[in-house]
Amino acid sequence: MDGVEVFPAGEKGRGLRTTKQMKTGEVVFTESSYAAVVFDSIFMHVCHSCFRRQVNPHRCAQCKFAHYCDRTCQRAAWEEHKHECAAIRQKGKAPNENVRLVARALWRTQKHKGKVFDTQLTTLDLLEDHISSMSPEDLEQLKKDVDNFQDYWKGNKKQYSTDYVSHIFGVINCNAFTMSDQRGIQAVGVGLFPNLCLVNHDCWPNCTVILNHGSQTALDTALHSQRRIELRALENIPEGVELTVSYVDFLNLSKDRQKLLKKQYYFDCKCEHCSGGIKDELMMAVKETDGKKPSAELVKEVMDFSVEALAKIEQARVEGNFHEVVKICRECLKKQEPVLAETNLYLLRVFKVISEVLSYQQSFQEAAEFARRMVEGYRKLYHSNNAQLGMATMRAGVTHWHAGLIEAAHGLICKAYAILMVTHGPHHPITKDLEAMRSQTEMELRMFKENEHVYHSMREAAFSNKPMTARLLKSN
Ligand SMILES: [Zn+2]
Ligand SMILES: [Zn+2]
Ligand SMILES: [Zn+2]
């Protein structure tokens, strides 16, 4: 691989570092999936080859489990599906996604004797499994998965020891990468990318990972279903510097990020932001009025209230009771707004939910105001090229556009576009959508400045024919 090398990164084990300078937005490397599977929960709605969501996919006639866009996808996937197809038929049903992923990885390893790509810097055997750090509950789950795997695998000639299979499950447990659909909006499956596994975590990373499915229309099966990730530089990275990505959302207090990382990835984060508690104060900041802060008791009361309210909001959201979600959000904001600062995490979490739900209910004016305040808070907390910041800014822009606030909409869409050019690159479908929206809002803004009346009638016509913006408003 050009421009990167493996190096011993101290306590973190192996890591990757640059051997030349990388520029902001540069693709550090790309990698195709070693193995990937669609989630159990949506196996009937996503193509098992290209991971596109499909309304009425074509089903594998033999196992009745795998689904595809069409014959082209089915043909492209046969090589990785044929053993799986036989195993599912023999067992009578498909095992869970973890078992399917391990089996796919092992069929691939067998076929290629461990190294699938010339550019592969490591093998599954060499990756860390962290089994020794697992909790008793995790170990119990691991044992169940391994047993299910052995049962699923028994029709194969080559058999593996329980220790070896456990190792592969351990590797997947802390290294698997969640794969989104073709537009990067919904998580649809999970995959394994060995080189990416070598990139260590930092809460304030210098790189980001993005899935780019490539050409979905290519009829040539070799080009068709490239489930490819890109590691992209978020800033200028000098030669000899370690490459890092973040495994968790930065919008948590450092102690909470550390807890999440310990639980899922079994390490203590000692990154600069965690060690220094950088931005923790802003995330918990309270409102000052005339140089006076609210009393400690009042702050505690509001924080406790927020924690409870956010749990209730989540519950109502899961139940699809959006009316209730908005009601609790409003009650919560009434308590929070006089006490918490605009960068406070609890306030931002409520802004996020209420702006999404109001958008969904087409109350765009009010949704836009909450989205604007949310993005302003985010901008003070996130790295300026953070992908989540880019996506949130894009949604806020679309909401403003629907609300008829064209000037603000265009401004937000331009900001989002600048971020996504770095995090997603110019060829990603979302960046292309944004580019189209940027020109459209630019034109509308010009018209608005010339003649407000004409602008409003044109806008109505445009929105009656715009499924794209509705889709982009959905967060997951
Ligand atoms: Zn497909
Ligand atoms: Zn099949
Ligand atoms: Zn950290």
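The values are calculated or read from the model by the stated rules, or taken from the named source; none is laboratory data. Treat the numbers as computed from the prediction; the structure is a model and nothing was measured. Quick reminder, even Gly has a Cβ in these numbers, built from the backbone with ideal geometry, and neighbours come from all protein chains shown.
For region 144-202, what are the residues that are closer than 25 Å to Q388 by Cα and of a type in the set (D, E, K, R)? Within region 144-202, D181, R183, D202 meet the criteria. If you check A103, A66, A61, A87 for being surrounded by fewer than 16 Cβ atoms within 10 Å (Cβ to Cβ), within 16 Å of ligand 2 (Cβ to nearest atom) and at pLDDT 95 or above, only one passes: A61. The set of residues in region 40-58 that are more than 13 Å from ligand 1 (Cβ to nearest atom) and either among the polar types (S, T, N, Q) or crowded, with 17+ Cβ neighbours inside 10 Å (or both) comprises S41, F43.
Each residue in region 30-56 was checked for being closer than 18 Å to H213 by Cα and either out of contact with any Pro (no Cβ under 9 Å at 6 or more places or on another chain) or within 16 Å of ligand 3 (Cβ to nearest atom) (or both), and 14 of them qualify.
Once region 211-241 is narrowed to residues that are at pLDDT below 80 and more than 25 Å from the chain's Cα centre (by Cα), the residue that is surrounded by the most Cβ atoms within 10 Å (Cβ to Cβ) is T221. L124 meets all of the listed conditions (1) at pLDDT 95 or above; (2) aliphatic (A, V, I, L, M); (3) within 27 Å of R228 (Cα to Cα) but one, namely (1).
Of all residues in region 441-456, those that are in the same structural domain as G411 (by TED's automatic domain parsing) and under 17 Å from H402 (Cβ atoms) have Cβ atoms under 8 Å from Cβ atoms of residues that are surrounded by 13 or more Cβ atoms within 10 Å (Cβ to Cβ) and of a type in the set (V, I, T), 6 or more apart or on another chain, in T441/I406; T441/I413; E444/I406; L445/I406; F448/I406; Y455/I406. Scan region 129-168 for residues that are touching a residue at least 40 places away in the same chain (Cβ under 8 Å) and not basic (K, R) and the total you get is 16. Per the listing K113, K154, the residue uniquely closer than 30 Å to F29 by Cβ and assigned by TED's automatic domain parsing to the domain that holds V28 is K113.
Here is a list: T109, T72, T19. Which entry is buried (at least 17 other Cβ atoms within 10 Å of the Cβ), more than 25 Å from the chain's Cα centre (by Cα) and farther than 27 Å from K158 by Cβ?
On the way: T109 fails: farther than 27 Å from K158 by Cβ; T19 fails: buried (at least 17 other Cβ atoms within 10 Å of the Cβ).
After applying the criteria, what remains is T72.
If we scan region 114-127, do we find a residue that is among the aromatic types (F, W, Y), touching a residue at least 40 places away in the same chain (Cβ under 8 Å) and more than 16 Å from ligand 3 (Cβ to nearest atom)?
Of all residues in region 114-127, those among the aromatic types (F, W, Y) come to 117.
When the remaining residues are screened for being touching a residue at least 40 places away in the same chain (Cβ under 8 Å), the result is 117.
Then drop every residue that is not more than 16 Å from ligand 3 (Cβ to nearest atom), which leaves 117.
Yes; the residues of region 114-127 include at least one that is among the aromatic types (F, W, Y), touching a residue at least 40 places away in the same chain (Cβ under 8 Å) and more than 16 Å from ligand 3 (Cβ to nearest atom).
Of the residues making up region 416-462, those that are closer than 16 Å to T208 by Cβ and outside any helix (DSSP H, G or I) number 5.
Filtered by the rule that a residue be more than 21 Å from V357 (Cβ to Cβ) and not aliphatic (A, V, I, L, M), region 374-395 gives R379, K380, Y382, H383, S384, N385, N386, G390.
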